[in-house]
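Engineer: Dropping the structure in here first, questions after.
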């Protein structure tokens, strides 16, 4: 994944204008708590409930029961696992639509790898639904479903 424009500009100001790498920046400014939280987004853990996979950090039985009232199991699974990437990092000057799309493509790769590592014999699909250009929608959704 490319370095964001905002981060690239900040990196260039470090070390008396000589700049530093992204890794140096993480070492100097990041925290272990932030790292563990981002790691769970990048390479998520899953729970299996009634033969379907869910992102462990988003799953609640109560929410799943509510979702199942209005749709089939596959759609309930997709809604339970959905994250709107466009609402993450909401500071308008911090990211562009192209950067959000790049984040989506990156997460699709890492979620696919995480699911394959944990469930190598399952048919798991990571869905990216790009509505960033649609008026009054402006979302980029990522979700997970598996075939039964």
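Taken together, the values in this text are just the output of simple stated rules run on the coordinates, not laboratory data. In this text, all values refer to a predicted model and were calculated from it rather than measured experimentally. Backbone-built Cβ (ideal geometry, glycine too); neighbour counts: all protein chains shown.
Engineer: So if R0 is 35 Å, what FRET efficiency would residue 127 and residue 18 give, r being the distance between their Cβ atoms, rounded to the nearest 0.05? Don't jump to the answer; show the numbers that get you there.
Structural biologist: Working: r = 43 Å, r/R0 = 1.23.
The pair residue 127/residue 18 has a calculated efficiency of 0.25.
Engineer: Another question, if that's okay. Taking the structure as given and computing Cα extents along the principal axes in Å, which label from (i) 50, 37, 28; (ii) 49, 28, 25; (iii) 58, 37, 25 fits?
Structural biologist: Correct label, based on the coordinates given: (iii).
Engineer: Tell me what the chain gives for mean residue ellipticity at 222 nm when only DSSP H runs of n ≥ 4 count, each as -39,500 (n - 2.57), the sum divided by the residue total, rounded to 500 deg cm²/dmol. Walk me through the intermediate numbers first.
Structural biologist: Values: 6 runs with 67 residues, N = 148.
When only DSSP H runs of four or more count, the value is -14000 deg cm²/dmol.
Engineer: Subtract the Cα-Cα distance of residue 1 and residue 110 from 0.36 nm times their separation in residues, and report this length gain in nm to one decimal.
Structural biologist: Numbers: separation 109, 0.36 × 109 = 39.24 nm, distance 1.14 nm.
Contour length minus the Cα-Cα distance gives 38.1 nm.
Engineer: Could you identify which residue out of 75, 28, 131 has the top mean-square fluctuation in a GNM of the chain using Cα springs shorter than 10 Å?
Structural biologist: 28
Engineer: Angle, helix 97-118 long axis vs. longest principal axis of the chain, Cα atoms, 0 to 90°, nearest 10?
Structural biologist: 60
Engineer: What Kirkwood Rh does region 109-148 have if only Cα atoms enter the pairwise 1/r average? Answer in Å. List each step's numbers first, then the result.
Structural biologist: Numbers: mean 1/r = 0.0876 Å⁻¹.
Over region 109-148, the inverse of the mean reciprocal pair distance is 11.4 Å.
Engineer: Now for a separate question. Which angle between 0 and 90 degrees, to the nearest 10, do you get for helix 32-42 versus the longest principal axis of the chain when only C-alpha atoms count?
Structural biologist: 50
Engineer: Beta carbons within 10 angstrom, averaged per residue: use that to sort the peptides 58-66, 98-106, highest first. List each step's numbers first, then the result.
Structural biologist: Details: 58-66: 12.2, 98-106: 16.1.
Result, highest mean Cβ count within 10 Å first: 98-106, 58-66.
Engineer: In addition: Can you list the residues of region 42-68 with backbone N under 19 Å from a point 7 Å past the Cα of residue 147, pointing along Cα to Cβ?
Structural biologist: 51-54
Engineer: Got the relative contact order for the chain handy, in percent, Cα pairs under 8 Å and 6 or more residues apart? Don't skip to the answer; put the middle values down first.
Structural biologist: Numbers: 164 pairs, mean separation 34.6, N = 148.
The value is 23 percent.
Engineer: Next question. Looking only at 112, 29, 87, which one moves most when the chain is put into a Gaussian network model with springs between Cα atoms under 10 Å?
Structural biologist: Per the Cα network of the chain with a 10 Å cutoff, 29 tops the list.
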